[in-house]
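Undergrad: I'd like to ask some things about the structure below.
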There are 2 protein chains.
Amino acid sequence: MRYYPVPGKGLTYAKVNRAIEAVFAEHGKGRVSMPPKVYVNLPNGDFRIMPSYVPALEMCGVKVVNVHPNNREHHLPTVMATTLLLEVTTGLPLAIINATALTDMRTGAAGAIAASYLAPSRNISLGIIGSGRQAEAQIAAIAAELTVQELCIWSRTMSNAEKLAARWGTLNARATSIQRAASCDVVVTATPATSPVVMNDWIHEGTHINAIGADGPGKEELDPAILVRSSIYVDDINQAIHSGEINVPIRNGLLTRHQITGTLGEVVLGLKKRTSKDEITLFDSTGLAIQDLAIARLAMEEAEYLELPLPL
Amino acid sequence: MRYYPVPGKGLTYAKVNRAIEAVFAEHGKGRVSMPPKVYVNLPNGDFRIMPSYVPALEMCGVKVVNVHPNNREHHLPTVMATTLLLEVTTGLPLAIINATALTDMRTGAAGAIAASYLAPSRNISLGIIGSGRQAEAQIAAIAAELTVQELCIWSRTMSNAEKLAARWGTLNARATSIQRAASCDVVVTATPATSPVVMNDWIHEGTHINAIGADGPGKEELDPAILVRSSIYVDDINQAIHSGEINVPIRNGLLTRHQITGTLGEVVLGLKKRTSKDEITLFDSTGLAIQDLAIARLAMEEAEYLELPLPL
C-alpha cells in the first residue's frame, strides 16, 4: 500500500479542470456508483464519508473529510481530508492520499467547469464573496478557463480581501464592496454563512453564480429570491437537496426540487445549456466523491510515495 | 499520522471480548453515533464504509472493508480492511490501521459475548458450520468465555473441517456431519451461503445460535423456520434487517421486525436475557463500526507504528 504525503505538488488547473470535466461527463451518463455522503456529528464539527466507484477510471475508494469551524484555535485547517483507494478487482487497499490540498483544487475545478459552460461570455468580470482557501481556489481554477478582466473580492474582514487581491494583481484584482462583487459577470460565494449574505437586488441579469460555501444542512449564502430567478444546476440532486445552497429554501418551501434545471454532468454533455444572454445561471456545488477519485488519479501520477507494509 | 501495519499482534480474546462487551453496552445505552453501513458494488464484490463515533472511547473514524468472494484466485483474503481514525476535537487524521486481522477478532468477540450471555450453560458442546477465518475466530473467542467440552466442525469441503479440527485438539474437536454440528448447545454458522444450509429439524430446544455469515442483502444460512422458533437478538436493528440473517425472511414476509427480541447491547446491559432452558436464542451478527473502534484502541496500545508525514 502506498502513502502519498504531498500529492499533486505540480498539478495545474489546466489539467485538473479537464479531469473534473471528464468525471462529470461520466456522472451525466449515469456511469458512476456514488452513494450519498454520510455525515457523523462531533462536538466541534463533523466528518463526512464519500465513497464511490468510477468504472471509466477503473478506480474506487472513499474520501474522509472533516469540517471543524473553530480549528484555527488549534492551528489546523477547518477541512482536512484523506482518501483511501482500493483495487477494483480485489478490494485490496492500494493507496492512502493526503487529500487536504486536493479537496481545495477539485472544488475549484468544478466551479471552473460550471463557469466555463454557463458564463455569459469568455471574457468576464469575476466577483468573489469570501477570502478563504476555497475563494482562492475558485479564482485560480476559473482563470484557467476564462479570461478574467477584472476581479472584485469582498470579505467580512476586508484586510483578508485586500491580501487575497494583492496575490492576484495579474487579474486586475481589488477588494470591493459586496454589492460591487455581486454585480460581476461571474459571482462566486465561498463563505461559511448560515443566512443569506448576497441580496437579490445586487445580481443583474445574465450573471452566472457558483454557490460553493453551503455544504451542510442549514447553510446558505444567497437570498432565496435569487434562486427563484435562476436556472439552477447542481452537482448531484440528492446531495444538493440535503446540504447544498438549495437545502434551506427547499426545506422552507420557497423552492421545490422541480425548479432544479439539471446537473453539471448534463451541462458538460451538452444536454442542458444557457439559453439566453439574460438568463441567470447558478451552480450549486456540494462536492462529489467522484471528483476526489478523478483528482487522486492525476495527483498520484508524478508524486512521491512511501511504500507501507500490509501483511494480510 | 501513524500507520499500524501489524496491530494487535499479542491481543488475546480475554481482552478483546471485554472491550467489545463494553462498546455494546454503550450501544445499548444509545451513546454512540453510527450511521448504517454504506455499500458500493464492484464487478467481483463490494466495499463497505463503516463510520462511527463513540464518546466513551473519545474515538471516531471509519473502517473500509471489501468482500470479494473469488479472491482466492488472486491469493488474497476475501475480506480486507483498513481503519482511519480522526481526532474527535479537530478532525485531524490520527492513524491508519491495517484492520484485516482485527476484523476477524472483533466479529469473533461479538459472537463470544452473545454466547456468553445467552448459552444454556457455561459448559457447552460447540458446533461450527464453516471452516474459514471467521469459523476459527468464533472458536477462539467463545473458548475464552465458556468451557467447550466438545467441538463439532462441518464444512462443505470436509478436508477443511478436518484441518481446522486438528488445530483445536485441546477442545476435543472433530469434523462431523452438519446434523451433528447443528445439534450442539451453541451453534455457529460462518459460511458465505445465499440459501439455508442448516435445517429446522436439526436444532434442538435450548440451543444458542450465532448467525455470523450473512452480512449482505440476499445472504442467509438458516432455515427460516428456525428464526420463527427463536428469540432473535441483533447487533443493530437496521443493519440486520438490511443485511443480516433476517434480511431474506423479512423481505419474503416470513418474519417481521416485531419478531426481533432485542439487541446485544440490551443483553449486555441485562435488560433482556434467556428466560428458559428450552428457549432457542439466536444472535444475528452483521458487524458494527463501533466494534472496529473498540478493537482499534486495544490494538494500538502496544503495537509498532510508522510516523507518516502529513503536511496540511
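Undergrad: It is to be established whether one or more residues within the stretch A:17-27 are within 7 Å of another protein chain (Cβ to nearest Cβ) and surrounded by 24 or more Cβ atoms within 10 Å (Cβ to Cβ).
TA: Looking for residues that are within 7 Å of another protein chain (Cβ to nearest Cβ) and surrounded by 24 or more Cβ atoms within 10 Å (Cβ to Cβ), one finds none in the stretch A:17-27, hence no.
Undergrad: Any idea which of B:ALA166, B:ALA137, B:ALA144 is touching an Asp or Glu at 6+ places or on another chain (Cβ under 6 Å) and either touching a residue at least 12 places away in the same chain (Cβ under 8 Å) or not acidic (Asp, Glu) (or both)?
TA: Values: B:ALA166 fails: touching an Asp or Glu at 6+ places or on another chain (Cβ under 6 Å); B:ALA144 fails: touching an Asp or Glu at 6+ places or on another chain (Cβ under 6 Å).
Just one listed residue meets the conditions, B:ALA137.
Undergrad: Can you tell me which residues in the stretch B:252-274 are assigned to a helix (DSSP H, G or I) and either in contact with a helix residue (DSSP H, G or I) (Cβ under 9 Å, 6 or more places away or on another chain) or at positive phi (or both)? Let's see the steps before the verdict.
TA: So the first thing to find is which residues in the stretch B:252-274 are assigned to a helix (DSSP H, G or I), and the list is B:257-259, B:264-268.
Residues satisfying the conditions are B:ARG257, B:GLN259, B:LEU264, B:GLY265, B:GLU266, B:VAL267, B:VAL268.
Undergrad: Right, next: Hey, can you tell me all the residues within the stretch A:181-190 that are over 12 Å from A:ILE203 (Cβ atoms) and outside any strand (DSSP E or B)? Working first, answer last.
TA: As a first pass, look at the stretch A:181-190 and keep what is over 12 Å from A:ILE203 (Cβ atoms): A:188, A:190.
Selection gives A:ALA190 alone.
Undergrad: Scan the stretch B:72-81 for residues that are buried (at least 23 other Cβ atoms within 10 Å of the Cβ) and within 7 Å of another protein chain (Cβ to nearest Cβ) and jot them down.
TA: Listed by number, the list holds a single entry, B:MET80.
Undergrad: Another question about this same structure. Any idea which of (1) part of a loop (DSSP other than H, G, I, E, B); (2) out of contact with any Pro (no Cβ under 8 Å at 6 or more places or on another chain); (3) within 8 Å of chain B (Cβ to nearest Cβ) is the one A:ASN41 doesn't satisfy?
TA: Just one mismatch for A:ASN41, condition (1).
Undergrad: Does B:PRO55 count as surrounded by fewer than 24 Cβ atoms within 10 Å (Cβ to Cβ), out of contact with any strand residue (DSSP E or B) (no Cβ under 9 Å at 6 or more places or on another chain), within 9 Å of chain A (Cβ to nearest Cβ) and modelled with pLDDT of 95 or more?
TA: Against the criterion (surrounded by fewer than 24 Cβ atoms within 10 Å (Cβ to Cβ), out of contact with any strand residue (DSSP E or B) (no Cβ under 9 Å at 6 or more places or on another chain), within 9 Å of chain A (Cβ to nearest Cβ) and modelled with pLDDT of 95 or more), B:PRO55 does not qualify.
The rows are residues; the columns are (1) more than 21 Å from B:ASN210 (Cα to Cα); (2) buried (at least 20 other Cβ atoms within 10 Å of the Cβ).
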{"position": "B:GLY61", "(1), (2)": "yes, yes"}
{"position": "B:ASN70", "(1), (2)": "yes, no"}
{"position": "B:LEU94", "(1), (2)": "yes, no"}
{"position": "B:ALA101", "(1), (2)": "no, yes"}
{"position": "B:SER131", "(1), (2)": "no, yes"}
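Undergrad: Right, here's the next one. Just for strands (runs of 3 or more DSSP E) wholly inside the stretch B:91-171: which have at least 1 residues that are within 14 Å of another protein chain (Cβ to nearest Cβ)?
TA: B:93-98
Undergrad: Of the numbered conditions (1) in contact (Cβ under 8 Å) with a residue 12 or more places away in the chain; (2) part of a loop (DSSP other than H, G, I, E, B), B:GLY30 fails exactly one; give the number of that condition.
TA: Condition not satisfied by B:GLY30: (1).
Residue by residue, here is whether (1) modelled with pLDDT of 95 or more; (2) more than 30 Å from A:ASP278 (Cβ to Cβ); (3) in contact with a Ser or Thr (Cβ under 9 Å, 6 or more places away or on another chain); (4) among the charged types (D, E, K, R) holds:
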position: A:ALA101; (1), (2), (3), (4): no, yes, no, no
position: A:MET105; (1), (2), (3), (4): yes, yes, no, no
position: A:ILE128; (1), (2), (3), (4): yes, no, yes, no
position: A:GLY132; (1), (2), (3), (4): no, yes, yes, no
position: A:GLU145; (1), (2), (3), (4): yes, no, yes, yes
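Undergrad: Checking B:VAL32 against (1) in contact with a strand residue (DSSP E or B) (Cβ under 7 Å, 6 or more places away or on another chain); (2) facing another protein chain (nearest Cβ under 9 Å); (3) not aromatic (Phe, Trp, Tyr): exactly one of these is not met. Which one?
TA: That leaves (2) as the condition not met.
The values are calculated or read from the model by the stated rules, or taken from the named source; none is laboratory data. This structure is a prediction, so every number in the text was calculated from the model and none was measured. Every residue, glycine as well, gets a Cβ built from its backbone with ideal geometry; the counts of neighbours run over all protein chains shown.
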